[in-house]
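To start, the structure under review is shown below, and the notes come after it.
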Amino acid sequence: MTFKTFQLFNQYLGVNAPVSEKIDFGKYESHLPLKVKSDAVNVDFYRISLKENINFTDVHQKELQHKTVLFFNSPNQNFEWNLQEKWQGFYVQIAKDVIENHHFLFRNCLEYGMHEALILEENETKEMQQIFSLLHSHYNDQNYDFDFVLSYTNILISLVEKFYKRQFSVHQKEYNWIVKKFQELLYDYYNNPVSQTPNVAYFAEKLNLSSNYLGDVVKHFTGTNAKDFIQNHIAETAKKLLLETTSSNSEIAYQLGFEYPNYFAKFFKKHLGKSPKEFRS
């Protein structure tokens, strides 16, 4: 089930009707008829949900209790929930066209998905609650000011990005397994016949993570983004095959998963500064 509008999703979830279909702020409150269980749905907009004092299993399968957590939903990402009781907190919903028309709002974290939540520390919780409360009060004011709401939404998302960097740094051991597993999968990729070159989405799916989340974790801990990491490995594998085998350039291209040999030639020239033929000679 896909929800195209805030109005329809709010009605389904059991929260108040939106004031605007551009950016919507609201509160989760105990007196509302909140839907505590739902099969998989998706929304055609971006969503940040702050839930207070909940029990939660994080991406590393750790059981956490009484935490304030931020969850994220974006277009075409399915999510479901099954809670024992109602929750409290805040949410913000942002239409796709608002993101498209105000590019400064977009951060990779908006597409991290439900499983890569941000677990707030006490001081961060207070800061986020203050901003959400301020936005909520102005949002429900009769003199609704889109520019004001837009500016504070940008501050909120910027803080989220900042807090994620803290989470990555503080929990290095927990995140190292993601980088390690990504590298293992990458280095194992060409041990079997392949039909295409590897990409970030392939490894993200294997790790049950979103592409943006995997990319940001790899970048944070290695200094190289996941896409470059993958392409460097393809280039190194190509060099080895060119130097150590008698396979033709076309055979190597297909062995590496390129659809056409000329795609391989362009890739190799871009990364090594020489054509495969020049490199061999």
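Read the figures in this text as sums done on the coordinates, not as results from a lab. Since we're looking at a predicted model, the values are computed, not measured. Cβ atoms come from the backbone with ideal geometry, glycine included; neighbour counts cover every protein chain shown.
Under the definition of Cα pairs under 8 Å and six or more residues apart, what whole-number percent is the relative contact order of the range 2-170? Kindly include the intermediate steps, with their values, before the conclusion.
Numbers: 291 pairs, mean separation 40.0, N = 169.
Reported as a whole number, the value is 24 percent.
Please list log₁₀ I(q)/I(0) at q = 0.08, 0.11, 0.15, 0.19 Å⁻¹ for the range 2-170, using the Debye equation with identical point scatterers on the alpha-carbon positions.
-0.21, -0.42, -0.82, -1.44
Set the Förster radius R0 to 30 Å, insert the Cβ-Cβ distance between N208 and Q11 as r into 1/(1 + (r/R0)^6), and round the FRET efficiency to 0.05. Display every interim value, and only then the final one.
Values: r = 31 Å, r/R0 = 1.02.
Efficiency for this residue pair is about 0.45.
When a/c reaches 1.5 or more, the comparison of a/b and b/c decides; with that in mind, is the range 1-84 rounded, prolate or oblate per its Cα gyration tensor? Don't skip to the answer; put the middle values down first.
On the way: a/c = 1.80, a/b = 1.43, b/c = 1.26.
Because a/c hits 1.5 or more and a/b exceeds b/c, the range 1-84 counts as prolate.
Starting at the first residue of the range 252-263, write each ³J(HN,Hα) from the Karplus equation 6.51 cos²θ - 1.76 cosθ + 1.60 with θ = phi - 60°, in whole Hz, x for Gly and Pro.
5, 4, 5, 4, 7, x, 6, 5, 9, x, 5, 5
When the distances between all Cα atoms of the range 90-151 are binned every 10 Å from zero, what whole-number percent does each bin get?
16, 43, 36, 4
Determine which lysines satisfy two conditions relative to K277: a Cα distance under 16 Å, and not lying fewer than 8 residues away in the same chain.
Partners within reach: K239, K240, K266, K269.
Given the range 174-280, report the % of alpha carbon pairs whose separation exceeds 24 Å. Write down the numbers at each step before the final one.
On the way: 1552 of 5671 pairs.
Roughly 27 percent, once rounded to a whole number.
So what J values fall out for the range 222-238 if you push phi through Karplus, 6.51 cos²θ - 1.76 cosθ + 1.60 with θ = phi - 60°, rounded to Hz, Gly and Pro as x?
With the stated coefficients, the range 222-238 comes to 10, x, 10, 6, 4, 4, 5, 4, 5, 5, 5, 5, 4, 5, 5, 5, 4 Hz.
Given the peptides 206-219, 261-274, arrange them by the average over their residues of other C-beta atoms within 10 Å, most packed first.
206-219, 261-274
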